[in-house]
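The values are calculated or read from the model by the stated rules, or taken from the named source; none is laboratory data. Nothing here was measured: the structure is a model prediction, and the numbers come from that model. Because the Cβ atoms are built from the backbone with ideal geometry, glycine has one as well, and the counts that use them run over all protein chains shown. In case anyone asks, the SASA skips ligands and DNA or RNA and just uses the protein heavy atoms, side chains included. Shrake-Rupley method; radii C 1.70, N 1.55, O 1.52, S 1.80 Å.
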Amino acid sequence: MEASTGLFAGSHNSNELVVIQPEEEPKPVKNLDGQLCEICGDSVGYTVEGDLFVACEECGFPVCRPCYEYERREGTQNCPQCQTRYKRIKGSPRVEGDEDEDDIDDIEHEFKMEEEKHKLMIGRGEDDNNGSLPVVTAKVNGEILNGNAELDGKTEISEDWKMHQGNLWPETDASVDPEKAMREEARKTLSRKVAIPSGRLSPYRMMVAARLVILLLFLQYRVLHPVPDAIGLWLTSVVCEIWLTLSWIIDQIPKWFPIDRETYLDRLSLRFEPENKPNLFPPVDVFVTTVDPIKEPPLITANTVLSILAMDYPANKISCYVSDDGASLLTFEALQETVEFARKWVPFCRNYSLEPRAPEKYFSEKIDFLKDKVQSTYVRDRRTMKREYEEFKVRINSLVAKSMRIPQEGWTMQDGTPWPGNNTNDHPGMIQILLARSGGVQGNELPCLVYLSREKKPGFQHHSKAGALNALLRVSALLSNAPFVLNLDCNHYVNNSKAVREAMCFFMDLQFGKSICFVQFPLRFDSLDKHDRYANRNTVLFDINLRCLDGIQGPIYTGSGCVFRRKALNGSEPPKTSKRPKMVGCGCCPCFGSRKKLQVHSKHDDGNEDEPTMTGIDEDKQLLTSEMNFENKFGKSAVFVNSSINEEGGIPSTSNQEALLKEAIHVMSSRYEDRTLWGYEVGWNYGSISSDLLTSFKMHSLGWRSVYCMPERPAFRGTAPINLSDRLSQVLRWAVGSLEILFSRHCPIWYTLGEGKLKGLQRIAYINSTVYPFSSIPLIIYCLLPAVCLLTDKFITPSISTFASLIFIALFISIFASSILELRWSGVTLEEWWRNEQFWVIGSVSTHLFAIVRNFLKAVSKVDTNFSVISKVPDNGEFHDLYTFRWTALLIPPTTIIIINLVGIVAGFTDAINSGGQSWGALLGKLFFSFWVLVHLYPFLKGMMGKQNRTPTLVIIWSVLLASIFSLLWVRIDPFVLKTKGPDVKQCGISC
């Protein structure tokens, strides 16, 4: 290991491109005098006898006593370098698994604490009457530690914590020098859980429980009180209510344990950025994916890349890979221009600590940019940089204008060579290192930037975004092989330059960091209308649901803004915590104190001369089998396999750049994934359109856990589809992907059910994430029931008694109260919650229904539907695209429901007017539910009546036609109302 406890560090050769991490020889036991601890940077120190402290007798990896004791008490109890279990050293407390020793070696005897206590009691004398205690002195590890015997409550807690960290005696302020205080601060945990205040969470839980009880009483009343003259209408409504109640319960169960988290970036810097020494931060590979330069403009992609290159992280530890799945010359040339501008922009950001570091957002913000700026040259440099950026935008725009005129012979590069990606569906793999890691003035180094476009061949499944990310994963393993990977969409820029540092506070935690597979950040969006009409911000998901999942086993992966552990992406299982060895007896008496393992001998142990030969044959077979297993798992690339199984990360210093680039072309070819586990057990999963949901589900099923990080300044921001058509297409994609997972072998209901690695509440959360589209069926029926009641003059409930009225009132109060209390602890505003409720209804009656139909057709007739990339072009003007309507069949169901309810309202008023004032009371109840439907569909109705474009004629024709047919058939058939027998015409005549 190049750093402590699996941390990756070392000196980088800046003159070679592909040398990201040189390998280091294991440190020998000798020549340890003067060594520093590889974990905290403190001196290794000495033992109680005055000898040099050596934690591991096998390899002599330099670790100080506090870090050694912390690793034995809270960590894996193994040496970070050779993985040998630490033995107990004299002066350190016992832990589970230590072997018994015959001599007396308890800490109290070793340090003569009883004698010190006796001296303390004798030395008090008359000071007891004065209420003060003398200063106590104890010698530990060769250092003099002073302590005051009188402590208040807060000091007691602090000193107890210090003793937990490895100190054996409390200290006073007088004995703590600044350097030692910094070392103590660096040893502390890098993050912690912050519980939601019980004053906010407990009332919410109580109201949810009360709401559940009231719902059960409501359902009992509905089941026991049918409507005789409309039995079909009543039965349908009861079934829908039970269905929606079960859906609410499944959604509510995982919300029981929300938490927050807090990170300590100052402690991270103290531990991994020692003064006047090379930094110890682990390398990070950043993946950016793009497909269509028209829907994903190059200027947006360029801003994302610039914000990555300017992150507040060591430049020699960042490698940015841009995947162009559209093989566009426009994207390639735009990135070349981006490199030239980055040479000016990145130093400017670092010199003045700018936020955000995406130039488009930085120069467009209407803020006081002089705040907290003290350098006199800032104004001049900012003015110069703004002019440089405007010239950069002009060059990008000229490239875009040039790309609109496609030449007949195809595109050619600047040197006259034909562009290999002229045929986007059939082209070879392309890779070019646009920005090599080079030397220069410290602070002005630039990270590595690589452009690649994987090979595309007809007849091969390329698996869209998931396939592109897997190609990036393989190529990066050859060129840099960083142990951590940040995944960003091309329209999500880095808004907080310390985002990666925030993630490292969790990954580098000595206590639980090794069990974390990814750290997910919330996504925030720009260019949305003030009222967020179509709930594009997804605030309920990011600020409520994912925080609740973080309290169980971790949030789901949302497709972007996520830092992964490469080991988890390679399909490995999390490290197992060391268990205490079983106690065994000697065979003749119950020796309860012995923990030594019994040696097991076989009959071949005695006098078998052929054993070395057989052992050699078995080793050869085992080696051959392991090589075949690695080929079946990772593919036929020995270089990539060696990189994948290297847990330390990095690439050998002797690697040849040209050979690595050739191997990179090989691993991103179309045939490479054939007969391998790529997309199934390795990398991003292919089993669903929603590969992000399936990928996180597979990781959690292996026993990994994830973390949700919400820094005060949002880590990433981006653009979202602003018009209704694109928003509905996005939600349809999510719903289709969820149903694909539900009906696959990865169904969360039973996948890995007996293994116990996926927690029960986490499984329920995944079940809810896959079955939610089916709630559209009862919701659509319930949206049509008010109109049916108005058209037939019937209702779904009989005459309401006083008790029933109380239940109904209590139900509505509990619904609103539980929602308000949920907003109170989460910080979500009432408007955001209401927009989410409105779009939940809009999405359910349109996209979720189509998702069910689509998956049914796929299962029956193998009919599949391809999804196109959603437009991410920013607005030209004040929300220009908000009212843009594009034809899609998803618009028909909501429009039909609106028209049917409007017809029902007119029919209800007409019937009430014709019958006099006797039916106005019943009419008000029916109108309430009908208006409830219209209020939830109001954003959809407002979008259709937008000021820019008219509603498509086809939508109006189909909606009116379906509503008219439905109304006429209903009046003619009237299926939910019992037919009453009239008078017999034969008996009384026609005139009776």
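A few points about this structure:
- J(HN,Hα) series, segment 412-426, from Karplus relation 6.51 cos²θ - 1.76 cosθ + 1.60, nearest Hz, glycine and proline x: 10, 7, 5, 8, x, 6, x, 6, x, x, 4, 9, 5, 9, 8
- Amide H contacts under 5 Å for A55, placed H, 5+ residues apart: V63
- Working from Cα pairs under 8 Å separated by at least six residues, relative contact order for segment 459-580 is 38 percent.
- Nitroxide proxy distance, nm - points 7 Å out along Cα→Cβ at T802 and D381: 7.9
- For R824 and S364, the FRET efficiency from 1/(1 + (r/R0)^6), where r spans their Cβ atoms and R0 equals 45 Å, is about 0.85.
- Accessible surface of H848, taken over heavy atoms with a 1.4 Å probe and every protein chain present, rounds to 10 Å².
- Protection proxy ranking, peptides 794-800, 855-861, average beta carbon neighbours within 10 Å, highest first: 794-800, 855-861
- Ordering of 900-910, 352-362 by packing [mean C-beta count within 10 Å, highest first]: 352-362, 900-910
- Using the average count of surrounding beta-carbon atoms within 10 Å as a protection proxy, the listed peptides 829-840, 473-484, 545-556, 530-541 rank, highest first, as 473-484, 545-556, 530-541, 829-840.
- Flagged links, alpha-carbon separation over 25 Å, of K366/K530; K317/K457; K530/K942; K317/K698: K317/K457; K317/K698
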